[in-house]
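Here the structure is laid out as C-alpha cells; the discussion comes afterwards.
The values are calculated or read from the model by the stated rules, or taken from the named source; none is laboratory data. Not measured: the values here are computed from a predicted model. Heads up, the Cβs are rebuilt from the backbone with ideal geometry, glycines too, and the neighbour counts pull from every protein chain shown. Surface accessibility is based on the protein's heavy atoms, side chains included, excluding ligands, DNA and RNA. Shrake-Rupley method; radii C 1.70, N 1.55, O 1.52, S 1.80 Å.
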Amino acid sequence: MENYTICNCKKVTYFDVEDALKNSKVFEDVEKTFEEVQKITHCTTGCGGCHDKILDAISEIMAK
C-alpha cells in the first residue's frame, strides 16, 4: 500500500493510522478502533472532513 495523507489538518497519513493500530491484536469494532486512532493521531479533530476516509483506512487495515 502506498502512503498518502488522509487528514490534511493534522497531517495524518495512511501509515500513521496503520502504526496507531499495530499494537492492537483484536479489533472489536470499527468505531471503538476509530476512537483509539483519533486519540493517537488527532485525526478528524480539525475540519472533520477526513472522518469517512479514516474509517475506510481502518476497515482496510482491519481486513488484512
Practice item. Keeping the other protein chains in place, figure out the carbon and sulfur percent of the accessible area of the chain, with a 1.4 Å probe. Key: 48
Review point. Measuring with a 1.4 Å probe in the full set of protein chains, what accessible area per residue, in whole Å², belongs to the stretch 14-64?
Key: 63
Exercise for review: Return a whole-number percent for the relative contact order of the chain, with Cα pairs under 8 Å and 6 or more residues apart as the contact set.
Suggested key: 37
Review point. So which GluC sites (Glu not before Pro) in the chain are both in a DSSP loop and have at most 15 other Cβ atoms within 10 Å of their Cβ?
Key: GLU2, GLU28
Study note, to complete from the structure: The answer for VAL12, listing residues at least 5 apart or on another chain whose modeled amide H is closer than 5 Å to its amide H, is ILE6, CYS7
Review point. Residue by residue, what Karplus-based ³J(HN,Hα) values in Hz, rounded to whole numbers, does the stretch 48-64 have, using 6.51, -1.76 and 1.60 with θ = phi - 60° and x for Gly and Pro?
Key: x, x, 9, 3, 5, 5, 5, 4, 4, 5, 4, 4, 5, 5, 5, 6, 5
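Using 1/(1 + (r/R0)^6) with R0 = 35 angstrom and r between the beta carbons of LYS32 and LYS11, what's the FRET efficiency to the nearest 0.05?
0.90
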**Study point:** Globularity index of the chain, i.e. its alpha-carbon radius of gyration over 2.2 N^0.38 Å
**Key:** 0.98
Point to revise | Pairwise FRET efficiency - ASN3 versus MET62, Cβ, R0 = 22 Å, nearest 0.05 | key: 0.75
